[in-house]
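Engineer: Pasting in a structure now, in structure tokens, and then I'll have a few things to ask.
Each value in this text was obtained by applying a stated rule to the coordinates, not by laboratory testing. This one's a predicted model, so the numbers in the text were calculated from it and none came from an experiment. All Cβ positions, even for glycine, are placed from backbone atoms using ideal geometry, and neighbour counts span all protein chains on display.
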Amino acid sequence: MTDLSFARAGAEHHARFEEIRAAAFAPVFASFRAILGDELYALAQARDDAAQPALLASLLLPDSGWEVYAATRDGIVVGFVSVRLDDATKAGEIGLNAVHPDHGGHGIGTAMYDFALARMREAGMRVATVSTGGDPSHAPARRAYEKAGFDAQIPSVWMCRAL
């Protein structure tokens, strides 16, 4: 793989990150819709999915409590990863992150997580956490997290029903 570099991101990265986020999460949101069906999706999940662009924008604010990094390959921003460092608990968290699907399958996600983990170690964190979905559309993310060494899991199930 050609060299991948990481740099602290700011508001100037928002437009590109939004392109990456939208492309990367489109199959996830489609999976949620397929699993829940149109009616339950509209009632229980669509609002959260629609709020994700605002979440991304909020992470880039200087006082968000998150560090966001751009992953650049051959001069093109191909992904991003957000990291939160909690000095009180010594827990680091990988938050919203994505690799553009055009650049997927080349180890970029794993490199982003390795970078995030190194940043956590540098800051004195003692544990790293990440959360992801258990549905089929999140299988690539789960594999990448496992490849980066995340090996302890607490399974969770989110259930819905029409009333």
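Engineer: Would it be correct to say that Asp63 is loosely packed, with under 12 Cβ neighbours inside 10 Å, at negative phi and either among the hydroxyl-bearing types (Ser, Thr, Tyr) or not in a strand (DSSP E or B) (or both)?
Structural biologist: It is true that Asp63 is loosely packed, with under 12 Cβ neighbours inside 10 Å, at negative phi and either among the hydroxyl-bearing types (Ser, Thr, Tyr) or not in a strand (DSSP E or B) (or both).
Engineer: Considering only residues that are in contact with a Ser or Thr (Cβ under 6 Å, 6 or more places away or on another chain) and over 18 Å from Gly95 (Cα atoms), which ones fall in the range 14-45?
Structural biologist: In the first step, residues of the range 14-45 are kept if they are in contact with a Ser or Thr (Cβ under 6 Å, 6 or more places away or on another chain); the result is 27-28, 31.
Pro27, Ser31, listed by residue number.
Engineer: Could I ask something else about it? Which residues, counting only those in the range 114-159, are in contact (Cβ under 8 Å) with a residue 24 or more places away in the chain and β-branched (Val, Ile, Thr)?
Structural biologist: Val127, Thr129, Val130
Engineer: Another question about this same structure. Count, please, the residues in the range 115-134 that happen to be more than 25 Å from Ala88 (Cβ to Cβ) and surrounded by fewer than 15 Cβ atoms within 10 Å (Cβ to Cβ).
Structural biologist: Selection size over the range 115-134: 1.
Residues are listed down the side, and each one gets a yes or a no for (1) over 17 Å from Thr132 (Cα atoms); (2) of a type in the set (Val, Ile, Thr); (3) out of contact with any Pro (no Cβ under 7 Å at 6 or more places or on another chain):
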| residue | (1), (2), (3) |
| --- | --- |
| His13 | yes, no, yes |
| Ile20 | yes, yes, yes |
| Phe32 | no, no, yes |
| Leu61 | yes, no, yes |
| Asp86 | yes, no, yes |
| Gly107 | yes, no, yes |
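Engineer: So, one more: So, Val28, is that one of a type in the set (Val, Ile, Thr), in a helix (DSSP H, G or I), out of contact with any Cys (no Cβ under 9 Å at 6 or more places or on another chain) and touching a residue at least 12 places away in the same chain (Cβ under 8 Å) or not?
Structural biologist: Criteria met by Val28.
Engineer: Something else now. Being exposed (fewer than 15 other Cβ atoms within 10 Å of the Cβ), more than 18 Å from His100 (Cβ to Cβ) and of a type in the set (A, V, I, L, M, F, W, C) is the filter here; which residues of the range 1-34 pass it?
Structural biologist: Passing the criteria: Ala11, Ala34.
Engineer: Here is a follow-up. Among (1) assigned to a helix (DSSP H, G or I); (2) touching a strand residue (DSSP E or B) at 6+ places or on another chain (Cβ under 8 Å), where does Arg47 come up short?
Structural biologist: Failed condition: (2).
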